[in-house]
Structure formats: structure tokens, C-alpha cells
1. In whole Hz, what ³J(HN,Hα) sequence does the range 54-60 give by Karplus (6.51, -1.76, 1.60; θ = phi - 60°), x for Gly and Pro?
2. How many nm separate the modelled label positions at R60 and F36, each set 7 Å beyond the Cα in the direction of the Cβ?
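Read-outs: derived from the displayed coordinates by stated rules, not from any lab. Fair warning: this is a prediction, and the values are worked out from it, not measured in the lab. Don't worry about glycine lacking a Cβ; one is built from the backbone with ideal geometry, like all the others, and counts go over all protein chains shown.
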Amino acid sequence: MTERTGGNSVETYLDLMLLRFGLLAAGIVALALVLFAVALGLRRRGRLEDARRLAEPAVRAAGRALARRVNGRKGGRW
């Protein structure tokens, strides 16, 4: 048997990075499925419009905060 030297640590690092990416992608898919199920449940009960109306101010504030962060301007309490 031949023994590889030097490449093992790089291979392990790449394996861990691939595992991290897979877990992150799986988490995003699971979150999307949960949000879809909640929206579907609200729609069936006829309360989707109420939820949209209540969530709109929070979504707008998050959008403004994200825009500030992307543009590099500091503001707010973040």
C-alpha cells in the first residue's frame, strides 16, 4: 500500500466544507417548506390577508435595515 502525504488534510477540509454546504442547503429547504405549510394553512383558514397586514411593517423595517447594511451606512440600533 502506498501512503499519501500532505493531501489528506486538504481532502478532509474539502469534505467538511461540502458537508457544511449540504447542511446549510438542507436547512434552507426545510425552512422554505415550513413557511409554505404555514402560508397554506393560513390561506385555508382565510387568515392569510390578516397575517400579511400584520407582517408588512416588520418586513419593510427588515428591508430598510438590509439596505443600510448593504450600502454601508450605519443607522438604527444594529
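1. So the J values, rounded to whole Hz, are 6, 8, 4, x, 5, 5, 5.
2. For R60 paired with F36, the spin-label model returns 3.0 nm.
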